Amino acid sequence: MSKPQRVDAAPESVADARVRLDKWLWAARFYKTRSLAAQAVEAGQVRHNEERVKPAHAVKVGDAICVRKQGTLWDVRVTGLSDRRGSASEAALLYRETAESVAIRTEEALRRKAAAQADPRYAGRPTKRERRKLEDFLSEP
């Protein structure tokens with residue numbers, strides 16, 4: 001796969017370059033498809049400079065984007081613009097996550113992991129062998 005074409009490769013200055021918000025979210029790999037990114041923006045799951053905007057809103061370098069997805073919150077600053085989806089390493093160059101956001105996300109992940117370990121997980125109905133072992137255990141004096 002070839003490198004994504006950067007919008008800032010245009011003759012205009014970098015400050016003048018702009019990309020649609022839904023397209024940038026897709027290129028930065030926050031969402032798998034552009035339509036999912038547009039739906040998230042419409043639903044208010046994505047904020048641009050702490051304001052609710054439409055999917056076609058222009059994103060510039062230096063803007064603050066807040067993405068809430070499946071209970072996880074990313075607070076990022078736009079460092080690059082691209083209208084094409086590339087590899088994950090190239091997508092990581094399009095934004096920089098704030099230190100507070102990283103700390104909150106890791107804390108939340110640890111909390112979820114601890115909660116998942118505390119909950120017993122059952123594989124479903126016991127097998128015939130497991131049922132016999134349980135019956136033997138319960139019928140012991």
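Please treat every number below as a calculation from the coordinates, not as lab data. Since we're looking at a predicted model, the values are computed, not measured. For neighbour counting, all protein chains shown are included, and Cβ atoms are generated from backbone atoms with ideal geometry for every residue, glycine included.
Which lysines, on any chain, are close to K32 with Cα under 19 Å apart, when same-chain ones fewer than 8 places away are left out?
List returned: K3, K23, K54, K69.
At a 10 angstrom cut-off on C-beta neighbours, averaged per residue, how do the peptides 99-105, 115-121, 59-65, 19-25 rank from highest to lowest?
Final packing ranking: 19-25, 59-65, 99-105, 115-121.
So which GluC sites (Glu not before Pro) in the range 21-72 end up in coil per DSSP with only 11 or fewer other C-beta atoms within 10 Å?
For GluC sites (Glu not before Pro) across the range 21-72 that sit outside H, G, I, E and B with at most 11 neighbouring Cβ atoms in 10 Å, the list reads E50.
On alpha-carbon atoms, Rg over Rh for the chain using Kirkwood Rh?
My calculation puts Rg/Rh at 1.27.
With r defined as the distance between the Cβ atoms of N49 and A109 and R0 fixed at 30 Å, what FRET efficiency is calculated, to the nearest 0.05?
0.70
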